[in-house]
1. What are the ³J(HN,Hα) couplings of the stretch B:58-68, residue after residue, when phi is run through the Karplus curve with 6.51, -1.76, 1.60 and θ = phi - 60°? Round to Hz, x for glycine and proline.
2. With the cut-off at 1.5 for a/c, could you classify the stretch B:1-113 from its C-alpha gyration tensor as rounded, prolate or oblate?
3. What nm value, rounded to one decimal, do you get for the distance between B:A107 and A:E112 when each label is placed 7 Å out toward the C-beta?
4. Using 1/(1 + (r/R0)^6) with R0 = 51 angstrom and r between the beta carbons of B:L210 and A:R76, what's the FRET efficiency to the nearest 0.05?
5. Mind checking the dipole of the protein assembly as shown: about its Cα centre, +1 per Lys or Arg Cβ, -1 per Asp or Glu Cβ, Debye to the nearest 20?
6. Would you please name the GluC sites (Glu not before Pro) within the stretch B:1-90 that are DSSP coil residues with at most 16 other C-beta atoms within 10 Å of their C-beta?
7. Could you work out which residue, out of B:V65, B:V248, B:V170, moves most in a Gaussian network model of chain B, that is, has the largest mean-square fluctuation with Cα springs under 10 Å?
8. Around A:I214, which amide H atoms from residues at least 5 apart in sequence, or from another chain, sit under 5 Å from its own amide H, with H modelled in the peptide plane?
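Read-outs: derived from the displayed coordinates by stated rules, not from any lab. In this text, all values refer to a predicted model and were calculated from it rather than measured experimentally. Cβ: placed from backbone, ideal geometry, glycine included. Neighbour counts: every protein chain shown.
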Amino acid sequence: MTHLVVKDLTAGYGDARVLHGVGLTVGEGEICAILGPNGAGKTTLLRALSGMIRARGTVTLGGADLTGHPPDTLARQGVAHVPEGRGTFMPLTVEENLRLGAYVRRRGPELEADLDRIHGYFPVLKTRLKQAAGSLSGGEQQMLAIGRALMSRPRLLLLDEPSLGLAPLVTRELFRIVQAINAEERTTVVVVEQNAHLALGIAQQAHVLETGRIVLSGTAEEIRADEQVAQSYLGYRV
Amino acid sequence: MAGFLQQLVQGLGAGAVYASLALALVLIYQFTGIVNFAQGELAMFSTYIAWQLTAAGLPFWPALVLTLAVSFAGGMLIERVIIRPVEGAPELTLVIVTVGLFIFVNAAAGWIWTFLIKDFPNPFPAGALEAGGISIGLSTLGVLAVVGVVMGLLYLLFRHTKIGLGMRAVAANPESARLVGIRVGWTLALGWGLASTVGAVSGVLVAPLLFLEPNMMGGVLIYAFAAATLGGFDSPVGAVVGGLIVGVAETLAGAYVGFIGSDLKVGVPLVIILGVLLLRPQGLFGRAVVERA
């Protein structure tokens with residue numbers, strides 16, 4: 001069943017248009033990877049989906065129209081965006097960062113249970129609850145950012161370059177957790193990633209974005225098997 | 001020794017007033033990055049409202065509560081109408097806007113209430129507490145108590161409520177705050193409302209010591225700037241401590257440094273501002289940014 005439907009999405013900054021009519025669909029509970037070179041518009045696509053920048057076209061999530069709403073409204077609609085650079089609230093504590101993720105929800109036992117759940121995914125966060133979030137390492141901040149996003153019980157999770165600046169081992173661990181989260185919570189995930197290997201490893205389907213247009217779509221296996229992709233993004237020939 | 005303690009207590013009383021105006025400055029700076037030069041004038045205008053209400057026959061404390069409520073709404077309105085359109089503009093633009101607001105509010109008060117000085121009722125009894133050879137005016141104690149209560153309430157708001165957490169999130173990272181669903185625009189307006197309320201407290205406390213007139217907050221604003229600079233413009237606690245230190249420094253300098261006396265006292269905050277900017281620009285409590293890449 002399709003969950004996220006994007007049609008003819010155009011977006012940019014000022015006069016500079018970055019996306020030229022992007023269309024894609026993601027099934028409920030699926031992971032969709034967006035690959036592509038620097039400057040292709042991957043981050044812009046996520047920013048348009050979460051309302052951080054204005055976009056034209058249509059975006060629907062589970063049938064509800066999301067187009068043109070500001071990010072605070074979309075957050076209430078179940079869109080959680082882990083932005084490039086992680087968006088940590090540096091001077092606030094780890095726990096406050098997590099609780100802010102649940103800002104749109106009511107307080108209650110369910111929310112406390114979710115905190116525990118996130119400590120289960122990221123045990124390291126539990127040991128640092130009272131610490132200023134700015135003092136965490138890059139990998140821990142990325143975990144915190146994903147934990148924060150999960151606290152909103154999102155229907156759509158947008159991950160922008162989760163591997164950026166992280167050691168390979170940490171990145172692999174992070175992707176394993178994203179996969180576990182997706183499997184357990186049936187959260188639909190759109191992940192933008194430079195590391196095509198890892199992204200294709202957890203995604204069901206993938207799209208390749210080049211200069212603001214989708215040039216190739218398919219299942220993760222198909223994309224992996226594509227010679228062009230292999231050369232450009234995976235670093236080997238099939 | 002008793003004389004010294006006497007001066008110290010007096011300094012703390014004055015400092016409490018500077019602290020509350022400094023706190024108002026810091027609140028707005030934290031949320032919007034704006035140094036609000038009109039903060040003192042807004043406080044003065046609020047004080048006139050309180051005066052008008054008491055002149056109309058309302059007892060002091062109900063008049064104060066009503067004044068604070070009006071100040072809160074007024075602060076939010078100013079943010080929505082005057083500050084919102086220039087949000088994100090260069091610093092110089094923002095400074096000019098708040099200086100313009102300063103002139104406008106000052107002139108409006110003069111137009112409505114004239115520039116003739118008015119007596120403002122002192123809400124505290126006239127007596128004094130005698131202890132160990134020093135006497136502490138009840139009004140000084142009252143000022144300290146009121147400022148203490150205001151600080152306590154703000155602390156509770158920021159540390160123990162969801163709205164307060166949201167406000168701190170907006171101050172820390174507005175873009176992320178928007179992404180977790182916080183209505184950032186309204187939070188900024190709330191910050192202005194709070195700041196105007198806290199500023200109004202300082203105006204109402206200082207008015208009985210000075211006279212009520214449209215220019216009464218000019219001097220206090222300079223002390224508040226010194227206090228905020230000393231404590232760190234991003235630290236509410238720093239603003240309070242800074243205010244108290246500035247009040248004490250000013251009083252002691254006036255009493256013990258011969259050539260300063262009461263005429264040159266206003267030079268003290270300027271010396272403090274200059275000294276802090278040279279030696280520790282982030283202020284005593286300013287955030288030493290803890291960030292790892």
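1. Rounded to whole hertz, the list is 6, x, 4, 5, x, 4, 5, 4, 4, 4, 5.
2. oblate
3. 5.8 nm
4. Efficiency for this residue pair is about 0.55.
5. That gives the protein assembly as shown a dipole magnitude of about 420 debye.
6. B:E87
7. B:V65
8. A:G23
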